Every structure is written in structure tokens, then in C-alpha cells.
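Everything below concerns the one structure shown next.
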Amino acid sequence: MKTKTRILNLLIFLPFAARANWHSKITKFRAISVLGFALFLMVSNSLFAQFETCNSSTSKDLYDIFFIDSEIGIAVGDSGTIVRSIDAGLNWETVLSVDTIWLRKVAFFNEQIGLAIGSDIYRTVDGGINWTIVEFDQLQYFADIAIFNDSTCVISGNPDRLIRSNDYGLTWDVLYDETSQFHFNFLSFLNSEIGFSSLAIDGIGSNLIGKTTNGGVDWEVVNGEGFTVPTVLEAFKFLSEDEGFNGGWYNPQLEKTTDGGATWNQAAIDTSGLIFSAAVLDFHINADQPNSYFASCWYGELYKSIDGGDSWMPLETGASTTSRLYGVYFIDEQNGWVVGSDGLILKTTTGGEILSIDKAELSLKLKVFPNPSSNELKIQFEEGISIRQLELMDTNGKVVKSFPNNLTQLDLSGLASGVYILKILTDHGVVNKRIVME
């Protein structure tokens, strides 16, 4: 605030100073420079999200999460891991662990009956406390599940199959088998008849979007003009027959359609000094939460849209850039969870929001020297600032070195000459410092 006051005083003083024997061009240059800097200070903000790390009870990678209500949640992952929480996600208990399998998705019909799928299908009838395997040996693995009324669901899987149950997952009918030209991957159904799936033809890639209007019996490819084809379409969601979103591996964009997939437009992405990776791993997009769409990504990134998916901003979760955020789930616009590698579960009660802090002011309170450097860096920061994470990245965003929190002297010996980015995560926001190694 003192800095801004001095700048405003200087702006008021400049017209009078111009009357002195200063060169007119220098006076104009200084006035413009000070005005520009003042505006920069006023509009430059850093978004610092409010997430806390939960006690997941596992070190296995977790791929998906679902909350039955505001208190009871289920997460699934590697080694047949299923963890359950009864305290709004703060603490989790392992209720299933089978080393020979993995579980990719979890969904519930109601408060008691749910399915977890991956290399097998598991079913619960008591709210996720106990799980039993569903015998179905015709698939090698299951990719996604769509539940679209009280008892009916569709599961996609390999080899090239789509199966449907009308009795809460007890028995299954095969809609498509290995003779189909389509390989079905991720699903997004609007109701029991209309749905979308990411498709591969003849088992190659997964970069097409198909639509069904008869419950999965027949499909047509709908993606068209403007569709940026990723190597693998990993995440997509349709809110209606017209509006949908996609993202995937090696496609560094989030795309939106408003005409049923015929044309696609790239969303505006604010990286704000963070790295937007080449993989969108999951969406949480609900029509009843238009101001809170979320996309979890590689490199520990979580993005949020508050304008219906037209633009996305990064939320600083505190996760390391070596983390993978595989799944995201919100029960409303405020309360949500993210799961990822090594048993990571993060929770927010503020919709990922956010303390607005003057980024330029924060940067001034953090000093890094000497720069350029040959073998070490020193960090000075003012009282009241706590450093939560320090990571040194190359210009491609790869973390080359991590340091303990609140360390004030960083050993950089052994690093090649060149330009690096020091990412400093504090309790007030993120500051990135450009570092030159000699």
C-alpha cells in the first residue's frame, strides 16, 4: 500500500516537475514509465488456491474419486486400491487392496450401490464398506462407466466392447463386441438414450468422438472442423447435445463445442507463469455448476473456469510438478477433492479460491541472488512470508531440482549453464524467478 501511495504522489508531482529544467522527452518517458508501473501493480494478481492434503492411508496412485454425499467418499487406484472416507475426505481407510489388479473409475447408483471398474468390475451394496467382484471374463480391461438412471449403466472396455446393465450391475448385455470397428474409451451420457464416447477406429489411438441416440446400439462420428486431434483423447464431457468439452494427451488445449461436436474452439488458458502440460486427465463439469468447471492435468496442475468453459485459470494446489492429478470431483461449487499419484488426495472448501494478492508486491518481498550464479543461490524474504515449496525447472517445465521448505541457501552445483525458472510457492501465492547459470 505504501508503494502504491508513493507512486500516486509521484504521478501528482510529475506535472509540476515538468516545469523544471528537465529535458521534455525525459520527463514524458518517466511519466509514462511510472504510470505503466502503477497500473501493473494494480492489475497484477496471483491466484493462490486453498487446498489441504488429506490422510489417504495409501501410497498407491489414485485415479478417480466420487462422493456419495458431503461426508462419504470413495477413491480407487492401483493395486486394486479402494479407500473410503466418512469425514468429508479428511481421513481415509483402505477397504480393498488386490495387488494383481487396478481400478480406473468409480460411480454410484445411489447411497448404497456402486461400481468400481478397471481390470475387473467390483460392486458394493453397503455404501462402499465391502466390495465383491462381478464375474465378467469377456473383457481385458474396463475404461469408463456412465450411470444414467436409478438402475442402468454402460461400461466401455477393451477389446472393442460396450456393455450395458439394467439391474445395478448384476447382469450385463454386450452392445458391441470385438467385431466392431470402434474401440470405446471414455463415456458421457446425457440420459438412457443419448450419449457420447471417445472412439478409436480399428484400435488405433482414441481421438474421435462418437454419438449414440439409442442407448449405445448405434454410433456415428461427430467431431469435425477445428478439432485439434490429440494422440489420445483422455477427458471429455458433454452437458447437452450441443455443448461439450475435450482434452487429452499431447494436446495442450482445452476445446469447446456448442454445435454437438461439428466445430470446436480452443479455450483461452491463463498459464500465469505455471506450465500448461500436454495432458488433461479429467474434467468435473456440471450444468448446475456453471461457475465452477475444473480440469486436472499432468504436472500437478488444476484449472478452473468461471465462464462456462470459455477460459481457464490455474489454481495453485500446492502439489508438486512431479505429481499427476488424475481425478477431480466437486459436490457443489465450494467443496471438492483431487486425487493423484502416490496416494495424493487434496481437498478444498472454497472452490479452489483464492486469496487475491499483489504479485508484484510479493515478488519484491522475495529476493534471489546472486543472479547470474555459478553454484549457489540465496533467498531473502520478509517476515510474515512462509515458503512452502521450492522447485528449479528448465525452460521446458521439467523439474531439475527440489529443495526443502524455507531453505535460504540453494546448492546449484552440477547444473549446466543456461536459463532456469525457480518456482517459489508461498502461503501468499506463487512467484517465478528467472535464474541464469554461468
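The values are calculated or read from the model by the stated rules, or taken from the named source; none is laboratory data. Quantities reported herein were computed from a predicted structural model and do not represent experimental measurements. When we count neighbours, we look across all protein chains shown, and the Cβ atoms used for this are built from the backbone with ideal geometry, even at glycine.
I want to confirm something. Restricting to the stretch 59-90 and keeping residues that are touching a residue at least 24 places away in the same chain (Cβ under 8 Å) and acidic (Asp, Glu), which single residue is farthest from residue 329 (Cα to Cα)?
Top of the filtered list is 78.
Could you count how many residues in the stretch 267-308 are outside any strand (DSSP E or B) and at pLDDT 85 or above?
Of the residues in that region, 2 qualify.
Looking at the stretch 284-326 only, could you name the residues that are crowded, with 21+ Cβ neighbours inside 10 Å and in contact with a His (Cβ under 9 Å, 6 or more places away or on another chain)?
Of everything in the stretch 284-326, those that are crowded, with 21+ Cβ neighbours inside 10 Å and in contact with a His (Cβ under 9 Å, 6 or more places away or on another chain) turn out to be 293, 294, 295, 296.
Can you go through 355, 366, 410, 362 and tell me which one is at pLDDT 90 or above and of a type in the set (A, V, I, L, M)?
410
Quick one: how many residues across the stretch 236-249 are assigned to a strand (DSSP E or B) and either over 26 Å from the mean Cα position of the chain (by Cα) or modelled with pLDDT of 70 or more (or both)?
So the count comes out to 8.
Scanning for something over 22 Å from residue 93 (Cβ atoms) and at pLDDT 85 or above, does the stretch 335-350 turn up at least one residue?
No - not one qualifying residue is present in the stretch 335-350.
Are any residues in the stretch 297-307 in contact (Cβ under 8 Å) with a residue 24 or more places away in the chain and of a type outside the set (Asp, Glu), and if so, which ones?
297, 298, 299, 300, 302, 303, 304, 305
Considering only the stretch 400-419, state which residues are closer than 22 Å to residue 324 by Cα and crowded, with 17+ Cβ neighbours inside 10 Å.
Correct list: 403 only.
From the list 120, 99, 126, pick out the single residue that is crowded, with 17+ Cβ neighbours inside 10 Å, acidic (Asp, Glu) and farther than 28 Å from residue 244 by Cα.
Just one listed residue meets the conditions, 120.
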